[in-house]
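Take a look at the structure set out below.
Read-outs throughout are calculated quantities, based only on the coordinates presented, and are distinct from any laboratory measurement. Bear in mind the structure is a predicted one, so any value in this text is a computation, not a measurement. With ideal geometry, Cβ positions are generated from the backbone for all residues, glycine too; neighbour counts draw on all protein chains shown.
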Amino acid sequence: MTVKIGVISLGCAKNRIDTEEMLAQLQDDYEFVQDMAEADIMLINTCAFINDAKEESINTILEAEQQKKFGKVRGIIVTGCLPERFRDELKETLPRVDAFLGTSAYKEIKDAINAVALGNKYESYPDHTLDEHFSGRVITTMPPTAYVKIADGCDNCCSYCVIPSIRGRFQSRRAEDILAEIASLAEQGYNEIILIAQDTTGYGKDLAEDVNLAKLMDRAAQVPGVKWLRVLYSYPDGITDELLSVMCSHDNIVKYLDIPIQHTDNVILKQMNRKNTWESTQEVIEKVRKASPDFVIRSTVIVGFPGEERENVIHLYQDLKKFQLDHLGVFSYSQEEGTKAAEMPGQIDEEEKEFRRDSVLNTQSSISLDRNQARVGRVYEVLIEGKDEHSGLYYGRSYAEAPEVDGKIFIKTEETLEAGQYYKVKITMAYSYDCTGELIK
């Protein structure tokens, strides 16, 4: 009888890709089920980037343990960031889990399943290495949007971040493998390709071949069938003239940059061990806007970092008003075990962190409203994602919105629009995070 596998993938798009690569190894020999109560073995790919992600992962595992205790589930396999980060603690606190695989052990998933099916335990935490060749994915998202991971790991070593300890040093994939994957996705109808890594602008620095992000995007834009090529997670110091030139020279490379600045106060940035300064951040933003007025800039900031005073936050408010970013994610600092920042003096209580976060969000809300109001009257090509049952409005994204993290464009029309297709839409009304528009025939 074929073993039934229930799969849960938690965390970011990079984690989802790891899950999809495991599914590719399993698809010929096992049956996948969506109802976890019907699974023989549950596979949970976890996230442990911050405390909230850790809690979500542990709660999901505890729910699986209940299925094992009272249902038909015979085995539980936990993979990814959580076991990589907390390998010793998990064995003691989660005794009903049968197998733990670290972030470089995904190739062993069949061995783990076979061991668990026989009633045995399995555990593996190999050194952080990338496979030399792409071995396939089972895409779990519907066309036309697909993520492509171009590198893994990180060398930046920000004082608040656990990624280097979980994912290891920065390692780029071979350009030919990336391009082959993009071509395969395009043939399957995935025409919005989103390049991701912990630091996409670091791409190629560790390879013998003469390649960097600009050269990779130049070649990727020429793959037949790619309509929108988008890049996320670009460090400020990696936004080069060459990269901007390439992005402006291809119509299918969207003029959208996700540049995490994390703060604008130089004292805090130094404590964070960030490479960027207030001055360099301003230079990068000016350079991007000079390259093309159509560029949309998204960023992220952290408030409540140890030692941050309210004057530092006021500095941040002022700079955000000056920078006029289109989209901004604001995060409260999370004190993560094993990081340098966790041991720093001046830790800030959660209530104060949330106050500062709300204050920055309010500042950005008015900025985003102004940016969106400037779009009223303009026509955009919009990728339809679905229809809101409540309002009856269709919704989608233009090049100016990345999936999941940015706002939507809502369209009122009597016509039937097809999800996954592109339509011309004129913006008629703007809000802080979303816009509404009308269909242009």
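Details
- The chain: most fluctuating residue of CYS248, CYS47, CYS161 per GNM, C-alpha cutoff 10 Å: CYS248
- Tensor-based shape of the range 378-439 (alpha-carbon gyration tensor, a/c under 1.5 rounded, otherwise prolate or oblate): rounded
- Ordering ASP52, ASP218 by the number of other Cβ atoms within 10 Å of each residue's own Cβ, fewest first, gives ASP52, ASP218.
- Taking all Cα pairs closer than 8 Å and separated by 6 or more residues, the relative contact order of the chain comes to 9 percent.
- In the range 290-393, GluC sites (Glu not before Pro) in a DSSP loop with at most 13 other beta-carbon atoms within 10 Å: GLU309, GLU337, GLU389
- Over the range 145-374, the reciprocal of the mean inverse Cα-Cα separation, the Kirkwood hydrodynamic radius, stands at 18.6 Å.
- Charge dipole of the range 67-175 about the Cα centre (unit charges at C-beta), most positive-ward option of PRO143, SER104, SER124: PRO143
- Extension gain for ARG310-ASN114 works out to 65.0 nm (0.36 nm per residue, less the C-alpha to C-alpha distance).
- The GluC sites (Glu not before Pro) of the range 105-142 meeting both criteria, a DSSP state outside H, G, I, E and B (loop) and at most 14 other C-beta atoms within 10 angstrom of the site's C-beta, are GLU132.
- Per-residue Cβ neighbour rank within 10 angstrom, fewest leading, HIS250, HIS263, HIS315: HIS250, HIS315, HIS263
- FRET efficiency, 1/(1 + (r/R0)^6) with R0 25 Å, evaluated for MET344 and SER245 via beta carbons: 0.05
- The chain - mean residue ellipticity at 222 nm from DSSP helices (-39,500 (n - 2.57) per run, n ≥ 4, rounded to 500): -10500 deg cm²/dmol
- ASP177/GLU418 FRET efficiency (R0 45 Å; Cβ-Cβ; nearest 0.05): 0.90
- Full-extension gain in nm, LYS321 to GLN222, via 0.36 nm per residue minus C-alpha separation: 31.9 nm
- Compactness index (Cα Rg / 2.2 N^0.38 Å), the chain: 1.01
- Summed residue charge, Cβ within 13 Å of LEU244's Cβ, Lys/Arg positive, Asp/Glu negative: -2
- Cysteines having no other Cys beta carbon under 4.7 Å from their own, within the chain: CYS12, CYS47, CYS81, CYS154, CYS157, CYS248, CYS435
- Contact order for the range 264-354, expressed relative to its length and based on alpha carbon pairs under 8 Å spaced 6+ residues apart, stands at 34 percent.
- Length-normalised contact order of the range 378-439 in % [C-alpha pairs under 8 Å, at least 6 apart]: 36
- Candidate aspartates and glutamates for bridging to LYS387, where Cα separation is under 16 Å - those fewer than 8 sequence places away on the same chain excluded: GLU404, GLU414, GLU415, GLU418, ASP434, GLU438
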